[in-house]
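The values are calculated or read from the model by the stated rules, or taken from the named source; none is laboratory data. All of these numbers come straight from a predicted model, not from anything done at the bench. We place every Cβ from the backbone using ideal geometry, glycine too, and count neighbours over all the protein chains shown. Side chains are part of the model used for accessible areas, which takes the heavy atoms of the whole protein and leaves out ligands, DNA and RNA. Shrake-Rupley method; radii C 1.70, N 1.55, O 1.52, S 1.80 Å.
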Amino acid sequence: MIARTRPAALRAREALGEQYSTLEQQHTASELGMWIFLATELMLFGGLFTAYAVYRTVYSAGFAEGSRHLDLLYGAVNTAILLTSSLTMALAVRAAQLGQQRALMRALAVTAILGLLFLAIKAAEYQKHFAEGMVPGLAWTYQGPLATQIELFFFAYFAMTALHSVHLGVGVVTVAVITVLARHGAFLGERHTPVEMLGLYWHFVDVIWIFLVPLLYLFGPSS
Amino acid sequence: MDGVIPVRVHVVVWLVLLLLAGINLGLSQLRLGGWSGALALLIAALQALLIALFLMHLRWSPAVVRIIAVAALLWLVILIVGTLDDVLTRGWLSAPGR
């Protein structure tokens, strides 16, 4: 109630939480917290990367053969989409910093659409695996000399890409929420921090994909 | 991070990222075998570094934030190396009775 009667200059200062001395200190606290969260996320994906490393070492022939059964085109197109979405996300952060509401909303909307496009292409790729009978546990009909090893490769492929897609889905939903909130003029100027933290998450998910491509798609064809 | 990063920097980083992705894709078609997996991961690491430094602003972040990023990477290395050193050296020593 008091806040309503305060002059605009004082209300603007409330962007600073009372436990902080300066906006910079507040920003560093958010950044630090987000990076610690991302460190735990790296451990989550790290478990899968480690499992992949072990099985690829032990069953390298089957993993190379399994990798050749993936369609490079899906991987390449999705890489371009995700890298571009990281550009639009970075531009959204910039627009928020500069207080440009329309540019912020536009950049966020494009980011969310690119994220959805990635997920749609991923879904089409999954559908192809189902049609080809290369889904371990659900639709596995592949027969061949290295069938069990290839099945293990596809298990790793599904575990890693599905966990990544879930993260991207969470990112898309959060970007959509932030876009709606930005409509009401939130996140501009000194209040841009939430957009920047969302950007950190988005770029992290992008980095995970950048490593999934050589491990899953490029390994077979190159060896 | 106080300053606002110019659009030009973002676009250049984006183009380099696309270029590196293209190079990685092209290299896989050359069937270099042997070290090609390590080379592909090296290029991916370069992409990740560009994203971390410029898009995730680590280049301008305070030291305390950078330490977390480096520590996260270090934990990952410990996890993978600590697991692989077991897998890769299992056959080196013969246990009695085997």
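For the stretch A:23-222, the solvent-accessible area with a 1.4 angstrom probe is 39 square angstrom per residue.
Taking 7 Å steps out from each Cα toward its Cβ at residue A:36 and residue A:162 produces label points 3.2 nm apart. Between A and B, buried accessible area from a 1.4 angstrom probe totals roughly 4000 Å², ignoring ligands, DNA and RNA. For the stretch B:35-98, the Kirkwood radius over C-alpha pairs fed into Stokes-Einstein at 10 °C and 1.306 mPa s yields D = 108 µm² per second.
Can you give the charge dipole size of chain A about its Cα centre, rounded to the nearest 20 debye, using +1 on the beta carbon of Lys and Arg and -1 on the beta carbon of Asp and Glu? Could you put the intermediate results ahead of the total?
On the way: 13 positive and 13 negative charges, 158 e Å.
With only Lys, Arg, Asp and Glu charged at Cβ, the dipole is about 760 debye.
Can you tell which of B:75, B:96, B:4 lies farthest toward the positive end of the dipole of chain B, using +1 and -1 charges on the Cβ of basic and acidic side chains (Lys, Arg; Asp, Glu)? Farthest along the dipole direction, towards plus: B:96. Computed from the C-beta positions of residue B:35 and residue A:14 and an R0 of 45 Å, the FRET efficiency is 0.20 to the nearest 0.05. Solvent exposure of chain B amounts to 63 Å² per residue of accessible area, where only protein heavy atoms count and the probe is 1.4 Å. Simple rule: put +1 on each Lys or Arg Cβ and -1 on each Asp or Glu Cβ in chain A, find the dipole, and look at A:25, A:203, A:81; the Cα lying farthest toward the positive end is A:25.
For peptide B:50-60, compute the average count of partner chain beta-carbon atoms within 10 Å of each residue's beta-carbon. Walk me through the intermediate numbers first.
Numbers: counts 2, 8, 4, 0, 2, 12, 16, 7, 3, 0, 0.
Whole-number average of other-chain Cβ neighbours for B:50-60 is 5.
Here is the tail figure for the stretch A:24-112: Cα pairs spaced more than 15 Å apart come to 76 percent of all pairs.
Per the 1.4 Å probe, what fraction of the accessible area of the stretch B:7-88, in percent, lies on carbon and sulfur atoms? Summing carbon and sulfur atoms, their accessible area is 79 percent of the total for the stretch B:7-88. Ordering B:26, B:47, B:14 by Cα displacement along the dipole of the protein assembly as shown toward the positive end leaves B:14 in first place; charges were set at the Cβ atoms of Lys, Arg (+1) and Asp, Glu (-1). Extents of the stretch A:23-222, taken as max minus min of Cα coordinates on every principal axis and listed largest first, are 61, 30, 28 Å.
Roll a 1.4 angstrom probe over the protein heavy atoms and tell me the percent of accessible area of chain A that is carbon or sulfur. Walk me through the numbers on the way to the answer.
On the way: 6500 of 9890 Å².
About 66 percent, which is the carbon plus sulfur part of the accessible surface.
Take each residue of peptide B:85-92, count the partner chain Cβ atoms within 10 Å of its Cβ, and average: the result is 1.
Count, for each residue of A:180-191, the Cβ atoms from other chains sitting within 10 Å of its Cβ, then give me the mean as a whole number. Walk me through the numbers on the way to the answer.
On the way: counts 0, 0, 0, 0, 0, 0, 0, 0, 0, 0, 0, 0.
Other-chain Cβ atoms within 10 Å of each residue's Cβ, averaged: 0.
In this structure, residue B:4 and residue A:143 have a Cβ-Cβ separation that, at R0 = 56 Å, corresponds to a calculated FRET efficiency of about 0.45.
The calculated FRET efficiency for residue A:128 paired with residue A:29, based on their beta-carbon distance and R0 = 56 Å, is about 0.80.
Round to a whole angstrom and tell me the spacing of the C-alpha centers of the stretch A:190-204 and the stretch A:81-154. Cα centres, the stretch A:190-204 to the stretch A:81-154: 20 Å.
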